[in-house]
Amino acid sequence: MSKLNQTLLLKTAGLVSTFAVAAVMNFTVINSSYAEQYVFPQQNQSSELQASDEASCNSWAVSQTGYNPSQPQTIATTTQPTQVTPDSNDSADRGSGMRGAMAGAAAGAMIAEFGDDDRSDAAQNGAAIGAVAARRQSRRSNIQQVEQQQQAAQQQAAQQQAQVQTANAQGEENFYQARAACLEGKGYSVN
C-alpha cells in the first residue's frame, strides 16, 4: 500500500469517526434540549398563573401523548437463573446411564469375542464404562442447553430494554412538543 493510500485511509477513518461522534453528540443535545424547556411569559402573566398554566399543560400533554416523563416505561426484572454445575447429580437425563451401559456391554462383549477373553468380565467393564460415559455426555448436553437458554434470555432482555429506551425517548419527545404547543397557545414563549 502506497504512502498516499495510507494517508488517505487514515484521513477517511478520522473523518468517519469524527462524524460518528458528532452524530452522537447531536442526538444527545436534541434529547437533553427537550428535557430543559424554558418558558417565558409574553403577556406579563404572573408567576402563579405561569405555574398553573405549566401544570395544566403538563396534564394535557400526558393525556395527548400517553407518556408521563416522571413515570417512564420500565421492564419487569426477573431473577437470574441458577448456574448448573457439571457435578450436580440431577443434570443427567433419566435412563442415559442404562443406555450407555447396554452399549458398553455390547462393545465389551464384541471386543472380548475377537480377543478370546472372558466375555462376562469384558461386558461388565464395558457396561460400567458405557454408563459413566453416557451420563457424562448427558450432563454436558443438559448444561449446554441451560447455558443456551440463559443466553437467549439475556438477549431477549437486552432487546426489551432497547425497545423500552426507544419508546421512552419517543414518548418524551412527543410530550415536550405537546407541552410546548399548549404553553405557546396560552401566550408563552418556549425554548
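Readers should treat all values here as calculations from the given coordinates under stated rules, not as data from a laboratory. Please read all numbers here as calculations on a predicted model, not as lab measurements. Neighbour counts are summed over all protein chains in view; Cβ atoms, including those assigned to glycine, are modelled from backbone coordinates with ideal geometry.
Structure above, values below:
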{"item": "Net charge of Cβ neighbours under 13 Å - reference G187; Lys, Arg +1; Asp, Glu -1", "result": "-2"}
{"item": "Prolate/oblate/rounded call for the range 146-191, Cα gyration tensor, a/c under 1.5 rounded", "result": "prolate"}
{"item": "Extension gain (nm, one decimal) between Q137 and L49, 0.36 nm per residue minus Cα-Cα", "result": "24.2 nm"}
